Amino acid sequence: MTEMVKIFPPSLVALDHVSVTFREGEIHAIVGENGAGKSTLMKILYGMQPADSGDILLKGKPARFTDPGEAIANGIGMVHQEILLIPEYTIWQNVVLGLEPVKFPNRLDVKKARQQVRAKIDEFHFNLDPDAKVEDISVAARQKVEILKLLFRNVSVLIMDEPTSVLTPQEIPQLFSELKRLRDNGHTILFISHHLDEVLELSDRITVLRKGKFIGTLDAAKATKANLAQMMVGREVIFESLRLPQQPGNLVFEITDLKYTDSDKRLKLSDINLKVHSGEIVGIAGVEGNGQLELVNAIMGLVEPQTGSIRCSDVDITRLPILEKRRKVAFVSQDRANMGACTPAKITENVIMTHHRLGKRFTRAAGTVLDYRQAVAFTGEVRQMFDVQMTNGEAPFKSLSGGNQQKIILGRELLLTAPFILLDQPTRGLDVGSIEYVHRQIIAMRSSMRGMLLISADLEELFRLSDRLLVMHRGRIVADLRTESTNINEIGYLMLEGKAYEA
Amino acid sequence: MKIIIGLINGMLTSATPILLAALGGSVTYYAGIFNIAMEGMMLGGAFFAALGSYYFQSWVVGILFAILGALVMALIFILFAVVLKMDEFITGIGLNLLSLGLTTYLVRQIDMPVTEIVPIPRIHIPGLEQVPVVGEILSGHNLVVYLTLLAVIIIHYLVFKTRYGLRLRASGYNRTCLDTSGVSANRIRVSSLLICGVLCGLAGAFLSLGVVEGFTQGMSAGKGWISLAAVILVSGSPVGIAFISLIFGFTDGLGLFLQQDLPPQFTAMVPYIATLVALFVYSMRLKKKFNA
């Protein structure tokens, strides 16, 4: 692939003139932080997204696929993070779907289909039972079925998007030995991962992307964790901190021994213990998918932890109803459009959400009638305090730009009287100016002695705002460090490895 | 004995249109379409069947007209629900209302004397007819009744034994998966609606050229809705649909029988009460399954 450019509106460059060469018969890992452009690059190759410019050469010939079907016909297949199979069907039915052998009159040739699938399973030593129903088999086996489905279509290039993220640690070596066997059979495997251990173990060559730019391609034999981490995270950055020295106050928020296992019995959170004091910002760093989402959901009551408690100013809020919880916790969600706001509703309506239940200001007649005049006045206050660019509170929320939407949500949440604020990626998708503004508002909240938990994928942001930094890795908190006594390389290493440098 | 034979024959007659429409609904159910337009397709089919039979003095043309009429309805459904991606439920309601209004209007404009409509013939099976009881039950039904029995077998085979069936069900389970397997889910959905149109048209033809001769306003009388209930009740299974339809047919016949003692307005409610009872039993069964 040469000179790939992909620009996501509004003016966020996902891929900036990236050129990579993949060789036949190699396992090629693509690594980089969140938002580095790994998935975008692969989706372009697979025909799921169009590129704005640039060329793809496949065996010397220009190729540009408009849909995945075309890519598969040309021998390129992709296994997604989420598995796309029909759970109600057996393995062989899933594999042959679309290429079914038939007898007259259109009758499925079950015997032949099972034979063909059996032969493919044996050819690649997959250890699957073609008659098992997909809903009854493990996630690892489903992944194998996905690979099998592509091999059945004679695909020679396999793209795997974070294949290990859905597997348990015990299942990973098996996948790796299967992928190596495929490579030895002449297949090319492109492998996206965050985990440097895996990358070094499995791949022949490694390409590093950072913020949409191509940083370099290394031979795995010559690469080390340290130099890969350096390439991924980038230059040594000195962040100017926005914080003024301030003595934290009382304990406002505490999680003890929290454990959460999801419905597929995968351990998502374990031994989570953390404390937030008033006037303190605690940052959580971690590669996406290491339990941050589950932690947020557990705090907000969207999932129920198996053990442990969440306390906020001496009240156990673990199982409180949401309205009671909202008296204690203000919450800025990373999902603006679905969780943070109701996008088709008016701006004014979005501004008073939660306030209209918790405060008496916006209702009359014992809380049954909305006082719309007060709502409009409050919208004006939020607009002024948070510098929201908008013309009319009656306009639908979705008519605002992302930055202004976020300012409205921040305004709403920060003006709640809750002593604790949960900030989940508060600046995701915002432009530099808005980020700056949001940061200053967060710091102002710190000065007024609120306690905050900040989850972010942006290390720069974490270093700028947090008093303490926690690092999450595979569902655990693996480090609790004062911001002053650590640096970005240490945090980056902890995020990827889950443990400190070994001297 | 006479009463029992009468009830069984009544059951078959009442079950046939429900069963045919429900088989159509079964195909769209497996394709993952929430299709409530069977009522409208059936009613349209009934009108055009009478029209074709009257103008061409032929029940064969009547059936062809019925199928064509219902197919036009199916095409309207396809245009809105598949091509324009509108809500299937709204499209279905619109189509049902359109069908009712249009056929009511047309039947008032076009005068079709009942005596000049050629009905679909009854089939008398030689030999079998002479056998007492069994002959009386199995022989002498309308041609469509026999076609319906055949349709149950064909639809069952189509859904569960053929390549088309595998893709059809895949479309209902997970469209994206079918699309990425290289089969257009939309084509499958379109074809399922066309099959549904054909079957509903046939059901309509049975109403206006079989049960009675001639078209009357709103003569489908909720049979399309009952067929929808049957489809949902058994999650689409063609054989299950056949059973449910026979139960409805039986209660319908029972209602007619009870008219000797009860006012007809009450007896006409029997099939619908049966629907509610069936739904209740079904929900109980589901509850048990989830609790187990």
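All but one of (1) open to solvent by 40 Å² or more (accessible area, probe 1.4 Å); (2) part of a loop (DSSP other than H, G, I, E, B); (3) within 14 Å of chain A (Cβ to nearest Cβ) hold for residue B:125, so report the exception by its number.
So residue B:125 meets the others, but not (3).
Select from the stretch B:225-243 the residues that are open to solvent by 10 Å² or more (accessible area, probe 1.4 Å) and assigned to a loop (DSSP other than H, G, I, E, B) and write down the one among them that is nearest to residue B:284 (Cα to Cα).
Within the stretch B:225-243, the match that is nearest to residue B:284 (Cα to Cα) is B:234.
Out of all the residues in the stretch A:290-301, which are farther than 24 Å from residue A:497 by Cα and in a loop (DSSP other than H, G, I, E, B)?
At the first step, the residues of the stretch A:290-301 found to be farther than 24 Å from residue A:497 by Cα are A:297-301.
Selection gives A:301 alone.
Taking the stretch B:82-107 only, how many residues are charged (D, E, K, R) and open to solvent by less than 40 Å² (accessible area, probe 1.4 Å)?
Here is the first cut: in the stretch B:82-107, the ones charged (D, E, K, R) are B:85, B:87-88.
Then keep just the ones that are open to solvent by less than 40 Å² (accessible area, probe 1.4 Å); that gives B:88.
Total satisfying the criteria: 1.
How many of the residues in the stretch A:70-90 are open to solvent by less than 60 Å² (accessible area, probe 1.4 Å) and under 22 Å from residue A:165 (Cα atoms)?
10
If you go through the stretch A:458-470 one residue at a time, do you hit one that is touching a residue at least 12 places away in the same chain (Cβ under 8 Å), open to solvent by 30 Å² or more (accessible area, probe 1.4 Å) and not in a helix (DSSP H, G or I)?
yes
If you scan the stretch B:128-182, which residues turn out to be in a loop (DSSP other than H, G, I, E, B), free of Cβ contacts under 8 Å to residues at least 24 places away in the same chain and either surrounded by fewer than 16 Cβ atoms within 10 Å (Cβ to Cβ) or within 11 Å of chain A (Cβ to nearest Cβ) (or both)? Before you say what the answer is, go through the steps one by one.
In the first step, residues of the stretch B:128-182 are kept if they are in a loop (DSSP other than H, G, I, E, B); the result is B:131-133, B:139-140, B:174, B:181-182.
Still in the list and also free of Cβ contacts under 8 Å to residues at least 24 places away in the same chain: B:131-132, B:139-140, B:174, B:181-182.
Listed by number, the residues that qualify are B:131, B:132, B:140, B:174, B:181, B:182.
Only one of (1) touching a helix residue (DSSP H, G or I) at 6+ places or on another chain (Cβ under 6 Å); (2) in contact (Cβ under 8 Å) with a residue 60 or more places away in the chain is not met by residue B:86, so which one is it?
(2)
For the stretch A:305-317, which residues satisfy the criterion of being open to solvent by 70 Å² or more (accessible area, probe 1.4 Å), in a loop (DSSP other than H, G, I, E, B) and in contact (Cβ under 8 Å) with a residue 24 or more places away in the chain?
A:306 - this is the single residue of the stretch A:305-317 that is open to solvent by 70 Å² or more (accessible area, probe 1.4 Å), in a loop (DSSP other than H, G, I, E, B) and in contact (Cβ under 8 Å) with a residue 24 or more places away in the chain.
List the number of the failed condition for residue A:434; all other conditions in (1) assigned by TED's automatic domain parsing to the domain that holds residue A:357; (2) touching a Lys or Arg at 6+ places or on another chain (Cβ under 9 Å) hold.
Residue A:434 satisfies every listed condition except (1).
How about the stretch A:365-408: which of its residues are at pLDDT below 80 and either open to solvent by 80 Å² or more (accessible area, probe 1.4 Å) or outside the structural domain of residue A:343 (by TED's automatic domain parsing) (or both)?
Result: A:366, A:368, A:389, A:391.
Given the criteria of a type in the set (Val, Ile, Thr), open to solvent by less than 50 Å² (accessible area, probe 1.4 Å) and not in a loop (DSSP other than H, G, I, E, B), does residue A:287 qualify?
Numbers: of a type in the set (Val, Ile, Thr): yes; open to solvent by less than 50 Å² (accessible area, probe 1.4 Å): yes; not in a loop (DSSP other than H, G, I, E, B): no.
Against the criterion (of a type in the set (Val, Ile, Thr), open to solvent by less than 50 Å² (accessible area, probe 1.4 Å) and not in a loop (DSSP other than H, G, I, E, B)), residue A:287 does not qualify.
On the given criteria, is residue B:118 in contact (Cβ under 8 Å) with a residue 60 or more places away in the chain and part of a helix (DSSP H, G or I)? Please lay out each step first, then the result.
Details: in contact (Cβ under 8 Å) with a residue 60 or more places away in the chain: yes; part of a helix (DSSP H, G or I): no.
In short, no.
Could you go through the stretch B:186-195 and let me know if any residue there is assigned to a helix (DSSP H, G or I), at pLDDT below 90, among the polar types (S, T, N, Q) and within 30 Å of residue A:94 (Cβ to Cβ).
Just the residues of the stretch B:186-195 that are assigned to a helix (DSSP H, G or I), to begin with: B:186-195.
Next, only the ones that are at pLDDT below 90 stay: none.
The answer is no; no qualifying residue exists.
Quick check: is even one residue across the stretch A:441-450 surrounded by fewer than 17 Cβ atoms within 10 Å (Cβ to Cβ), in a strand (DSSP E or B) and at pLDDT below 90?
No - not one qualifying residue is present in the stretch A:441-450.
Of the residues that make up the stretch B:99-113, is at least one of a type in the set (Lys, Arg) and out of contact with any strand residue (DSSP E or B) (no Cβ under 6 Å at 6 or more places or on another chain)?
Scanning the stretch B:99-113 turns up at least one residue that is of a type in the set (Lys, Arg) and out of contact with any strand residue (DSSP E or B) (no Cβ under 6 Å at 6 or more places or on another chain).
Within the stretch B:240-252, can you find the residues that are among the β-branched types (Val, Ile, Thr) and within 14 Å of the chain's Cα centre (by Cα)? Walk me through how you get there before you give the answer.
Narrowing the stretch B:240-252 to residues among the β-branched types (Val, Ile, Thr): B:241, B:244, B:247, B:251.
Answer for the stretch B:240-252, where residues must be among the β-branched types (Val, Ile, Thr) and within 14 Å of the chain's Cα centre (by Cα): B:241, B:244.
What tally of residues in the stretch B:1-32 results from selecting those that are buried (at least 24 other Cβ atoms within 10 Å of the Cβ) and either over 11 Å from the mean Cα position of the chain (by Cα) or of a type outside the set (S, T, N, Q) (or both)?
Selection size over the stretch B:1-32: 15.
Of the numbered conditions (1) buried (at least 24 other Cβ atoms within 10 Å of the Cβ); (2) under 13 Å from the mean Cα position of the chain (by Cα), residue B:36 fails exactly one; give the number of that condition.
The failed condition is (1).
Counting just the residues of the stretch A:318-346 that are farther than 22 Å from residue A:428 by Cα and touching a residue at least 60 places away in the same chain (Cβ under 8 Å), which one comes out most open to solvent (accessible area, probe 1.4 Å)?
A:327
Among the numbered conditions (1) within 26 Å of residue B:186 (Cβ to Cβ); (2) open to solvent by 10 Å² or more (accessible area, probe 1.4 Å); (3) more than 10 Å from chain B (Cβ to nearest Cβ); (4) among the β-branched types (Val, Ile, Thr), tell me where residue A:139 comes up short.
So the condition that residue A:139 fails would be (1).
From the list A:105, A:101, A:130, A:163, which residue is of a type outside the set (A, V, I, L, M), in the same structural domain as residue A:24 (by TED's automatic domain parsing) and within 27 Å of the chain's Cα centre (by Cα)?
Values: A:105 fails: within 27 Å of the chain's Cα centre (by Cα); A:101 fails: within 27 Å of the chain's Cα centre (by Cα); A:130 fails: within 27 Å of the chain's Cα centre (by Cα).
Matching residue, one of A:105, A:101, A:130, A:163: A:163.
The values are calculated or read from the model by the stated rules, or taken from the named source; none is laboratory data. Everything numeric here is computed off the predicted structure, so don't read it as measured data. As a convention, Cβ positions derive from the backbone with ideal geometry for all residues, glycine included, and neighbour counts pool all protein chains shown. Side chains are part of the model used for accessible areas, which takes the heavy atoms of the whole protein and leaves out ligands, DNA and RNA. Shrake-Rupley method; radii C 1.70, N 1.55, O 1.52, S 1.80 Å.
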